[in-house]
Amino acid sequence: MKICGIIAEYNPFHLGHLSQIDYVKNVLGAEKVVVLLSGNFTQRGEVALLDKFTRAKHAVIAGADLVIELPTVFATANAEIFAKGAVKIFDSLKVVDSICFGVESGDEQDYIELATAMNDESKEFKKILKEKLDGGVSLAKAKFETIKALGKDFDEKLIASPNNILGLEYTKAILSLKSDIKIYPMQRCGDADHNDKALKKGITSATSIREVVKTGKIKKLKKNLPKYVFSDLSTYPFDFEKLCLSSLITASTNDMAKILDCTEGLENRIKALVKDNLNLAQLVEKVSTKRYTKTRIQRIILSNLLGIESSLVFDCLESPLYAKILAINSQSKDLLTLVSNNANCPIISRKSDESLLKKKALICYEKDLLSTEIFSLIVDKKINHHQMLII
C-alpha cells in the first residue's frame, strides 16, 4: 500500500491545501494520505485559528485518511526542530513511505543534494558555520554560505522562502535518520507568497486569510475556502496576550534562559522590555531585531507560557514518543490497524491508551494536554483532548 504523509498546520485549511491532497492522490498515486498536524499553537508562536480537532476534521473531509497530532514541543519550535520532530513521528509509524511538501522551486534531487551538503559534520564546516552565524544571519542562510565557502554551488532560491527551508529541513532529517521515506516536493499553486498578507482570488496564503478574519469580515473569504471550513470560522484573534505577558512577568530570567532559542542573554532583553510594553505585539516589535526575528520572539514567549524547556525538546527528539490520533476517515479504519500493528511507538486513540506512555513520552504528552487546556481557556470552549474523531 502506497502511503504518503503531509506535515501541516492548516491554519486554516484552504484551497492550496486541497490541491496538495488531490496531487498526492491523483498524481503521486497514493492509496492513503496521513497528515501530521500541529496542535492548538503554531510554529509562528501563535494561537491556531481553529482547534486541532476541527482542523483535523477538515483534512479528512478533504481526502486525508488519518490525522495525527505533531507534539506541541515540536510544533512550536524552529524549522529545524519542527522538521526533525515531524520526520521522527512519521518514521516511527513504519508505514509511511513518502512525504509531500509544497515549495516555490527545486526538485527532489536538488533538495537531497543540498540537504546532504548541509548535514556536513566536518570540523571545517562547523568552523565556517560559526563564523557565518556570528555575522548575524539565519541558520539556513549560514549553512548555505558555508557550503559556498567550501566550493559547492547550489541555487540560492532553495533557501529563499520558508516553504523551501522547511522542505530542506524535512530532507535533512530523513537523511540523518537514514529513513527510507522518499520526498516529493510539489510546486505551490497560485501567486500568493507564504507570508503575503494580501488576499488573492482563489488560492491565497493562510496569512492573508487570518488577516481578514482578524478584521471580522469573514464573508470576504467565501471563495477562498472550502464550504466546510468557511462554515466553521469564528472571530479572531483570541484573548491570548494577557496570559503571555503575565507569564513573562512572573518568569525568572534563569527559567527563560532554559527555553529553546532564548540565547545570548535574550531573556534579559525580554524581561527588561516587558515592564514598559504591556501589549504583546508592541513587545515583540521592540524585542525583535534583524538577528532576533519576530517569529523567534513569539516562539520564546509561547514556550515560556507552556513551560517548554530546550532540554525537554532535545530529549523528546532522542526518546521514543507516541502517535496521538486526532481523526480518521470512517472508510480507512484498516489504516489505523496497519499503523497499530507496525509502529514502534504507542498509538493513542483513546484515553486508556495514555497508560502506555512512559518517561519523556509522558512528559511530552502532558505538554499536549496543557496546550489543549490553555487553548480551551483562550477560546472559552472546553476541548476534549482525549477524543478521536471518526469522519
Net +/- balance of residues flanking residue 42 in space, Cβ distance below 11 Å, scoring K and R +1, D and E -1: +3
Cα-centre dipole for the stretch 1-139 with unit charges at Cβ (Lys and Arg positive, Asp and Glu negative), debye to 20: 440 debye
Hull volume in cubic angstrom per residue (convex hull over the Cα atoms of the stretch 103-246): 178 Å³
Computed over the stretch 114-198, Cα set: Rg, Dmax in Å: 14.3, 45
Peptides 179-185, 162-168 ordered by average Cβ neighbours within 10 Å, highest first: 162-168, 179-185
Expected 222 nm ellipticity per residue - DSSP helices of 4 or more, -39500 (n - 2.57), all of the chain, to 500: -14500 deg cm²/dmol
Relative contact order (%) - criterion: Cα under 8 Å, at least six apart; region: the stretch 123-227: 13 percent
Compactness of the stretch 170-323, expressed as Rg and Dmax over alpha-carbon positions, Å: 19.3, 52
Largest to smallest principal axis extent of the C-alpha atoms in the stretch 48-148, angstrom: 48, 28, 27
Label-point separation, residue 155 to residue 293 (7 Å along Cα→Cβ), nm: 2.1 nm
Dipole magnitude (debye, nearest 20) for the chain, charges at Cβ of Lys, Arg, Asp, Glu: 880 debye
Mean separation of Cα contacts under 8 Å, 6 or more apart, over the residue count of the chain: relative contact order %: 23 percent
Debye log10 I(q)/I(0) at q = 0.13, 0.19, 0.20 Å⁻¹ for the stretch 296-391, Cα point scatterers: -0.55, -1.05, -1.11
The stretch 29-88 and the stretch 199-252: distance between their alpha carbon centers, rounded to Å: 17 Å
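Which pairs break 18 Å Cα to Cα here: 2/324; 227/382; 52/220; 126/290; 324/367; 197/227? Can you show the working numbers first?
On the way: 2/324 22 Å; 227/382 25 Å; 52/220 24 Å; 126/290 23 Å; 324/367 13 Å; 197/227 22 Å.
Listed pairs above 18 Å: 2/324; 227/382; 52/220; 126/290; 197/227.
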The chain - percent of accessible surface contributed by carbon and sulfur, probe 1.4 Å: 51 percent
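What helices does the chain have that are whole DSSP H segments, at least 20 Å long along their own axis by Cα, and with mean Kyte-Doolittle hydropathy of 0.0 or more?
Those that clear 20 Å and a mean of 0.0 are 79-93, 162-177, 359-379.
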Distant-in-sequence amide H partners of residue 41 (H built 1.01 Å from N, under 5 Å): 48
Cα-based radius of gyration of the chain once divided by 2.2 N^0.38 Å, which approximates compact folds: 0.95
Heavy-atom accessible area per residue - the stretch 144-288, 1.4 Å, Å²: 54 Å²
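May I ask you to give the average projected area over all directions of the convex hull of the Cα atoms of the stretch 252-335, in nm² rounded to one decimal? Numbers along the way, then the final one.
Details: hull surface 33.2 nm².
The orientation-averaged projected area of the Cα hull of the stretch 252-335 comes to 8.3 nm².
The values are calculated or read from the model by the stated rules, or taken from the named source; none is laboratory data. Quantities reported herein were computed from a predicted structural model and do not represent experimental measurements. As a convention, Cβ positions derive from the backbone with ideal geometry for all residues, glycine included, and neighbour counts pool all protein chains shown. The protein model used for the area step is the full one, side chains on, heavy atoms only, and it has no ligands, DNA or RNA in it. Shrake-Rupley method; radii C 1.70, N 1.55, O 1.52, S 1.80 Å.
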